[in-house]
Each structure stands twice: as C-alpha cells, then as structure tokens.
Amino acid sequence: LLAGCSSPNPNGISAEGESMSSGPESASGALKDISETQTEKLTQSSESLFSSKDLDTSWDTSDSVSVVFSDGEAKIAGTNGSAVFRDGTLTISKAGTYILSGSLKGSVIVEASKNDFVHLVLNGIEITCENSAPINIRQADKAVITLADSTENKLTDSTEYQYDDPDAEEPSAVLFSKDDLSLNGNGSLTIQANHNNGIQSKDDLRISGGSYFITAAKNGIVGKDYLVISNGSF
C-alpha cells in the first residue's frame, strides 16, 4: 500500500523502491524487527515533522469559499475570483480555505503561487475524472486536505490520462500534488485509481487522520522526500 522514494532514514527504515501490501500479516512482519528504542525515536521524529497547519482540522465558514457541485455546475460562494469553474474544471488560484461538496464529473486544480497555503475541505464530495487526476495540485507552498467529520468522499479516475507533463507522465495519481501535501480529519476517503497511484506527492506527504479505502493499479500511497503517518485507518 505504501511506497516512497527517499533515502533511508536515520532509524534504519527505508521506503525507497519498496511496496507494502495491505494485509495485516505483511504489516506486522515488516515491523517485527523494529526495537522499542527505534520505535520511540521514529515516533519522536515523526511528530516533529507535523506543523500546526498539518494538524488543524478546523475552518471558518465566514472566511472560506464554498463550492457545491451539482448537474455539471458549481455554485461558488465567498470567492473573490480565487476559484473559477469552467468546462468541468474548478481552478483555485489563491491562498485560502475551500469547502467542496456535491458530485462532479471533472477535476479540481490548484494552481496558486509558490507562497500560497491552500486548505481544501472535502465535505461529502464525489469527483470522477475521465482524462486526468480528480484533484491535481500543480503549485502551492503547501496544501492541506481535511476530511470533514462523518463525511464520505470519493475520487475516481480512468485508465487514460492527458498529462500536464508528458515526459514525466504527471499527474500520476488520483490525488496528486507537486508540492507539500497533508491530509487530516475524521471523515473517509475512497479512491479508485484505475490509471496508476492513489495518493501521491512529489514533495513531502503527511497523514494525521482519516479513513482511507484505496484500490490502485499501482501504489496506494506514494511520498517523495518522505511519507509520515501519525494516525488514520488504511
């Protein structure tokens, strides 16, 4: 289920070029040789990798952009030109909190500045994209995705993609980010990755909560610089 591309960490645990199956036997087998001291060091190291933004699951509706998808349209409230919906694609171009709900056949693209913090709240959303990643974070300083409490969210792609970068074959996952990505919250996220990976960041990837049900043609979860998980159900 998990894969990474970074160098071995100082605790002697490497994710480079490896995959871990989702079965409980393989998971326990992979961890059986880690001593209590190593586990303690790993836990301390992991906690230091989460910022307050990574762990914050709250949002203020009075200071957020609400996007409700229905019947091929998007009802957008609270935006100041930072979210535009055209031809089935919602493009987010500025920092802020965006609450997404409803059903969309299309995609959500984040293309903000390199210094922008973008917070996406999945508040009961179902996105199906026929030619690319349902959620594609092309640029931001950091993106945090919160799975709203008691909500069920679903992302599905197809077997064929129109790549942003054909040479790199990107995007390469249902939930894809070129920059730092964090996921938190107490809702659930179901991913059907028919083309390649389920969740992938080309930078740091952090997960601190949520329930994840991932079926992927290749890997379920992929991080580059590192993948760190402090909580969640997988």
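The values are calculated or read from the model by the stated rules, or taken from the named source; none is laboratory data. Every value quoted in this text rests on a predicted model; they were computed, and no experiment measured them. Here the Cβ positions follow ideal geometry from the backbone for every residue, glycine too, while neighbour counts run over all protein chains shown. Side chains included, ligands, DNA and RNA excluded: accessible areas come from the protein's heavy atoms. Shrake-Rupley method; radii C 1.70, N 1.55, O 1.52, S 1.80 Å.
Tell me which residues, restricted to region 132-153, are β-branched (Val, Ile, Thr) and surrounded by fewer than 24 Cβ atoms within 10 Å (Cβ to Cβ). Listed by number, the list holds a single entry, Thr151. Are any residues in region 99-109 crowded, with 24+ Cβ neighbours inside 10 Å and under 15 Å from the mean Cα position of the chain (by Cα), and if so, which ones? Those that are crowded, with 24+ Cβ neighbours inside 10 Å and under 15 Å from the mean Cα position of the chain (by Cα): Leu100, Val108. Count of region 117-147 residues, restricted to those that are within 21 Å of Ser52 (Cβ to Cβ) and assigned to a loop (DSSP other than H, G, I, E, B), is 2.
The residue pairs whose first member lies in region 146-169 and is on the phi > 0 side of the Ramachandran plot, whose second member is at pLDDT below 95, and whose beta carbons are closer than 6 Å, counting only pairs six or more residues apart or on different chains, are Glu169/Tyr163. Across region 191-214, the number of residues qualifying as open to solvent by 50 Å² or more (accessible area, probe 1.4 Å) and in contact with a Lys or Arg (Cβ under 8 Å, 6 or more places away or on another chain) comes to 2.
On the basis of being free of Cβ contacts under 8 Å to residues at least 24 places away in the same chain and open to solvent by 40 Å² or more (accessible area, probe 1.4 Å), does Ala217 make the cut? Answer is no for this residue.
Taken together, the criteria exclude Gly96 from residues that are open to solvent by 10 Å² or more (accessible area, probe 1.4 Å) and under 24 Å from Gly198 (Cβ atoms). Against the test of being acidic (Asp, Glu), at pLDDT below 90 and over 18 Å from the mean Cα position of the chain (by Cα), the options Glu18, Glu73 yield a single qualifying residue, Glu18.
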